[in-house]
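The values are calculated or read from the model by the stated rules, or taken from the named source; none is laboratory data. Bear in mind that the values here come from a model prediction, so they are computed numbers and not experimental data. Note that we place each Cβ from the backbone using ideal geometry, even for glycine, and neighbour counts take in every protein chain shown.
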């Protein structure tokens, strides 16, 4: 029986794997929304996705930590850890009883976020949802975005 010959495609140096594919997909989806309905409306749609993901992440962390509500100290640690796990690089600049200020050296979307400001709604809504669910209120302000 003849063995099929390998084409060598699997050995080509292509920057294509699941992570790149999914980030590219989000980039194109958000860009299409921004082009068709505008940045503000696209941001609104993406914020809904962020809220839903925030609910999931909040539940995951509370379950793993075996708590019904995150403490103030845990909130900052959770937000930094969440982004670290998805290849973001966030860090705590300052925190007190009223405010948590985070910095960011790397976005989880990498270079795919450039020119896609609506994707910033994902981070702000995930963070805002987690904070609000645990403390009753949250205001998220992105003073400078990588996008």
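Across region 57-86, the qualifying residues are those that are under 20 Å from residue 107 (Cβ atoms) and without any contact (Cβ under 8 Å) to a residue 24 or more places away in the chain, and the one among them that is surrounded by the most Cβ atoms within 10 Å (Cβ to Cβ) is 80. State whether one or more residues within region 85-102 are modelled with pLDDT of 90 or more, out of contact with any strand residue (DSSP E or B) (no Cβ under 9 Å at 6 or more places or on another chain) and within 30 Å of residue 21 (Cβ to Cβ). The answer is yes; a qualifying residue exists. When residue 36 is tested against (1) surrounded by fewer than 10 Cβ atoms within 10 Å (Cβ to Cβ); (2) over 22 Å from residue 127 (Cα atoms); (3) at pLDDT below 95, only condition (3) is not met. How many residues are crowded, with 16+ Cβ neighbours inside 10 Å and over 18 Å from residue 98 (Cα atoms) when one looks only at region 119-146? Residues meeting the conditions: 8. Restricting 132, 42, 145 to residues that are part of a helix (DSSP H, G or I) and either at pLDDT below 95 or more than 25 Å from residue 30 (Cβ to Cβ) (or both) narrows the list to 42.
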